[in-house]
Amino acid sequence: MSTSGTGRTAKPCPVEAARWLPGNGDGAELEARYDTGKHTVTICRDSAGSYHYDGQLKGRPTTSDNHISLPAEQTATGFVAVNGDYRYEISGQDLTVKHKGKIQARMRLEPLPS
């Protein structure tokens, strides 16, 4: 484990999320991990300092059919990732999914141990 710029001990990005990152996530660090009940949402930071949003359906194999990995940006209240007309916003303990600006889903995020 390395020490991040915040002085905390950084944990590696989980393998199931890291494998979708550039360079198979080599050197990527876990920023946050959540459970929505149906999904596991992971935010990792790659070795270049870029954030990535990883969403996976729980109880399914991690394939491109039930998984999404997107570049993300840190915001004042969390993170945001965009996939075409879809926007995934993490703010506090909520995940809001919007399509063309209209809310499609809002889910409570339960932090998972890192």
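Of the listed requirements (1) more than 19 Å from residue 111 (Cα to Cα); (2) open to solvent by less than 40 Å² (accessible area, probe 1.4 Å); (3) modelled with pLDDT of 95 or more, residue 62 misses just one: (3). Scan the stretch 49-57 and tell me whether some residue there is of a type outside the set (Lys, Arg), crowded, with 16+ Cβ neighbours inside 10 Å and touching an Asp or Glu at 6+ places or on another chain (Cβ under 6 Å). Checked against the condition, which is being of a type outside the set (Lys, Arg), crowded, with 16+ Cβ neighbours inside 10 Å and touching an Asp or Glu at 6+ places or on another chain (Cβ under 6 Å), the stretch 49-57 yields no hits at all. Against the criterion of being open to solvent by 30 Å² or more (accessible area, probe 1.4 Å), within 17 Å of residue 89 (Cβ to Cβ) and not in a strand (DSSP E or B), residue 76 qualifies. Condition test on residue 57, is it under 9 Å from the mean Cα position of the chain (by Cα) and without any contact (Cβ under 8 Å) to a residue 24 or more places away in the chain? So residue 57 does not fit the description; no. Can you tell me which residues in the stretch 83-114 are within 17 Å of residue 42 (Cβ to Cβ), open to solvent by 60 Å² or more (accessible area, probe 1.4 Å) and not in a loop (DSSP other than H, G, I, E, B)? Residues satisfying the conditions are 83, 108, 110, 111. Scanning the stretch 40-57 for residues that are under 16 Å from residue 15 (Cβ atoms) and part of a loop (DSSP other than H, G, I, E, B), we see that the one that is modelled with the lowest pLDDT is 47.
Within this structure, residue 23 fails the test of being assigned to a loop (DSSP other than H, G, I, E, B) and on the phi > 0 side of the Ramachandran plot. For the stretch 84-114, the candidate set comprises residues that are more than 14 Å from the chain's Cα centre (by Cα) and basic (Lys, Arg); within that set, the residue that is nearest to residue 15 (Cα to Cα) is 108. Scan the stretch 14-37 for residues that are basic (Lys, Arg) and at pLDDT below 95 and jot them down. Matches in the stretch 14-37: 19 only.
The values are calculated or read from the model by the stated rules, or taken from the named source; none is laboratory data. As the structure is a computational prediction, the values presented were derived from the model and not from experiment. Don't worry about glycine lacking a Cβ; one is built from the backbone with ideal geometry, like all the others, and counts go over all protein chains shown. The area values use the complete protein model at the heavy-atom level, side chains included, leaving out ligands, DNA and RNA. Shrake-Rupley method; radii C 1.70, N 1.55, O 1.52, S 1.80 Å.
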